[in-house]
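Undergrad: Let me give you the structure first, and then I'll get to my questions.
The values are calculated or read from the model by the stated rules, or taken from the named source; none is laboratory data. Everything numeric here is computed off the predicted structure, so don't read it as measured data. All Cβ positions, even for glycine, are placed from backbone atoms using ideal geometry, and neighbour counts span all protein chains on display. For the accessible areas, the whole protein counts, side chains as well, though only heavy atoms, and no ligand, DNA or RNA atoms are used. Shrake-Rupley method; radii C 1.70, N 1.55, O 1.52, S 1.80 Å.
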Amino acid sequence: MINRQCGSIPIVEGDNQLVGIVSLRDVLLPLYPYHGDSIIPDVCVVVNVVAHDDVHSRNYVEMEGGYPEALGGKIKGIMSRDPLTAAPHDPILEAASYMGLKNFRRVPVADKGALVGIVSIGDINRGLFFERGMRH
């Protein structure tokens with residue numbers, strides 16, 4: 001996910017049936033259980049990480065001992081099952097509204113349960129911008 005600069009991966013089974021989604025946060029949170037959002041940004045590159053939670057700060061050397069267990073886990077243990085989806089013909093602003101309400105940066109697009117794509121806030125912004133003739 002970090003190498004490909006993507007914040008989430010849809011999980012499918014069988015005939016491309018969407019069963020879940022895994023975000024970068026889902027993967028990283030077990031590595032930093034006491035820091036939550038203060039250490040896991042909503043971007044795909046973790047650089048110059050500074051913990052801001054003095055109350056629950058931990059020894060990072062101690063935390064490193066838990067990495068094999070966290071990294072050896074299975075997707076089914078951390079994925080969000082039956083994620084919110086958009087359908088291919090849903091209005092763009094309806095999808096954007098759901099994303100805003102749930103604070104999602106991207107939503108899988110499914111047709112009868114089969115994954116057909118993923119839409120991001122950036123996709124929506126670009127679509128609305130270009131639709132209004134701002135292609136310069």
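Undergrad: Taking Met99 as the residue in question, decide whether it is modelled with pLDDT of 90 or more and either surrounded by 13 or more Cβ atoms within 10 Å (Cβ to Cβ) or in contact with a strand residue (DSSP E or B) (Cβ under 9 Å, 6 or more places away or on another chain) (or both).
TA: yes
Undergrad: Condition (residue is at pLDDT 80 or above and surrounded by 10 or more Cβ atoms within 10 Å (Cβ to Cβ)) applied to region 58-75: is it met by at least one residue? It would help to see each step written out before you state the result.
TA: Pass one, region 58-75, residues at pLDDT 80 or above: 68, 72-75.
From what's left, surrounded by 10 or more Cβ atoms within 10 Å (Cβ to Cβ): 73, 75.
Yes, there is a match, as at least one residue in region 58-75 is at pLDDT 80 or above and surrounded by 10 or more Cβ atoms within 10 Å (Cβ to Cβ).
Undergrad: How do the pairs read when you match residues in region 64-80 that are among the polar types (S, T, N, Q) with residues anywhere that are open to solvent by less than 50 Å² (accessible area, probe 1.4 Å), using Cβ under 7 Å and keeping only pairs 6 or more apart or on different chains?
TA: Ser80/Gly20; Ser80/Ile21
Undergrad: Do any residues in region 97-113 that are more than 9 Å from Thr85 (Cβ to Cβ) have Cβ atoms under 7 Å from those of residues that are small (Gly, Ala, Ser) and outside any loop (DSSP other than H, G, I, E, B), where the two are at least six apart or on different chains, and which pairs are they?
TA: Arg105/Ser120; Arg106/Ser8; Arg106/Ser120
Undergrad: So which residues in region 1-55 are out of contact with any strand residue (DSSP E or B) (no Cβ under 8 Å at 6 or more places or on another chain), surrounded by 14 or more Cβ atoms within 10 Å (Cβ to Cβ) and at pLDDT 60 or above, if there are any at all?
TA: Across region 1-55, the qualifying residues are Cys6, Arg25, Val27, Leu28, Leu29, Pro30, Leu31, Tyr32.
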